[in-house]
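See below for the structure under consideration.
The values are calculated or read from the model by the stated rules, or taken from the named source; none is laboratory data. Keep in mind that this is a model prediction, so the values were computed, not measured. Neighbour counts run over all protein chains shown; Cβ positions are idealised from the backbone, glycine included.
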Amino acid sequence: MRHPAPGTLLALLGLLCIACLVLATAVGSVAHSPAEWWQALTHPGSREGELLWRLRIPRAAAAFTVGAMLAVSGCLMQVLLRNPLADPYILGVSGGSALFALLGMSLGVAVALVPVLALAGALVSILIVFGLARGSGPWSGTRLLLTGVVTASGWGALISLVLATGPDNSLRGMLFWLMGDLSYARLPGWSLGVLVLVFAGVMAMARSLNVLGMGETTARLLGESTRHLLWGIYFLASLLTATAVSVAGSIGFVGLIVPHLMRLLVGSDHRVLVPAATLFGGAFLVLSDTLARTVIAPRQLPVGVITALLGVPLFLALLNRARLRPQTP
């Protein structure tokens, strides 16, 4: 399959991101015409400007950052486990994050502290999986996957316990957070810093990711230190996932669908795939959150519901396309 020029594709994805961000800040329970939108953008002290600068722009920026982090994390997880069905939540990171956040909600902590608790839970999960999967023998992707799945199941049981015993007045908020919710999300500077630093690190190791994609044995023959590389990939992917979950809860399908779609467009070269996934992942979640805010306005849906409704048919179409593709002898 012939792929478009990388520069052209990245430029088009950049324009798509801008269009999605403009749409997200222009529509909602109160819609703005283009002239009204520009007036609000250039006059932040006005009533419309307050709505734009205090609510819509921070929420759209948070959605873009979370979507970009999940997409890059999905790319890394699929290389790490050499499985196209791997996603950022497969190793239990979101489970630990959700448990700590739900415990905070049930105890009535301030809303501003919930992301801190979620990040702490995700980091605890990373340490547990890292410590148990590492062992004393050689690296094993299967052992890492099994450890992550079992850890996620344990977190899931504890989450069910918290929901069953938690106060009724906070149950709705807990369920929304579990499904992924950007209603109270704002863009903390540290999360954007994490995205920028990890993105730079991933781009620096893009060649190594390409080599690893050909198999661990081939990577060793070509001089890669696969053990350090695999642990580095796991740490960076988990850090992105932990940060994303701490900001917006558990949002599914972004890290699974976006890398697949981008591979169809740009191929498997991570020097192009990672920037493309970053841009499209951000645009995809901004668009999904816009739908979540407007489809039954003035009520809002959890954005995770929208990503699932969009992601399921897309993923089934990708699977069907792969099944129908002629096999080369």
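As for segment 239-250, it holds at least one residue that is buried (at least 23 other Cβ atoms within 10 Å of the Cβ), at pLDDT below 90 and in contact with an Asp or Glu (Cβ under 6 Å, 6 or more places away or on another chain).
Evaluated against (1) of a type outside the set (D, E, K, R); (2) at pLDDT 90 or above; (3) surrounded by fewer than 12 Cβ atoms within 10 Å (Cβ to Cβ), Thr8 falls short on exactly one condition, (2). Listed conditions (1) touching a Pro at 6+ places or on another chain (Cβ under 9 Å); (2) buried (at least 17 other Cβ atoms within 10 Å of the Cβ); (3) closer than 30 Å to Leu144 by Cα are all met by Leu13, apart from (3). Scanning segment 202-216 for residues that are touching a His at 6+ places or on another chain (Cβ under 9 Å) and touching a residue at least 60 places away in the same chain (Cβ under 8 Å) gives Val202, Met203, Ala206, Arg207, Leu209, Asn210, Gly213.
So, in segment 56-90, of the ones that are of a type in the set (A, V, I, L, M) and outside any helix (DSSP H, G or I), which residue ends up farthest from Ala122 (Cα to Cα)? Step through it out loud before you land on a result.
Kept after step one, since they are of a type in the set (A, V, I, L, M), are these residues of segment 56-90: 57, 60-63, 66, 68-72, 76-77, 79-81, 85-86, 90.
With the extra rule that they be outside any helix (DSSP H, G or I), the set shrinks to 81, 85-86, 90.
On the way: Leu81: 19, Leu85: 21, Ala86: 18, Ile90: 13 Å.
Per the criteria, the residue is Leu85.
Could you say which residue among Leu236, Leu229, Leu265 is surrounded by fewer than 23 Cβ atoms within 10 Å (Cβ to Cβ), among the hydrophobic types (A, V, I, L, M, F, W, C) and free of Cβ contacts under 8 Å to residues at least 40 places away in the same chain? Steps first, please.
Details: Leu236 fails: free of Cβ contacts under 8 Å to residues at least 40 places away in the same chain; Leu265 fails: free of Cβ contacts under 8 Å to residues at least 40 places away in the same chain.
Result of the check over Leu236, Leu229, Leu265: Leu229.
Looking at Ala276, Ala297, Ala317, Ala219, just one residue is over 20 Å from Pro6 (Cα atoms) and touching a residue at least 60 places away in the same chain (Cβ under 8 Å), and that residue is Ala297. Taken over segment 290-311, the criterion of being of a type in the set (Val, Ile, Thr) and either within 17 Å of the chain's Cα centre (by Cα) or in a loop (DSSP other than H, G, I, E, B) (or both) is satisfied by Thr290, Val295, Ile296, Val303, Val305, Ile306, Thr307.
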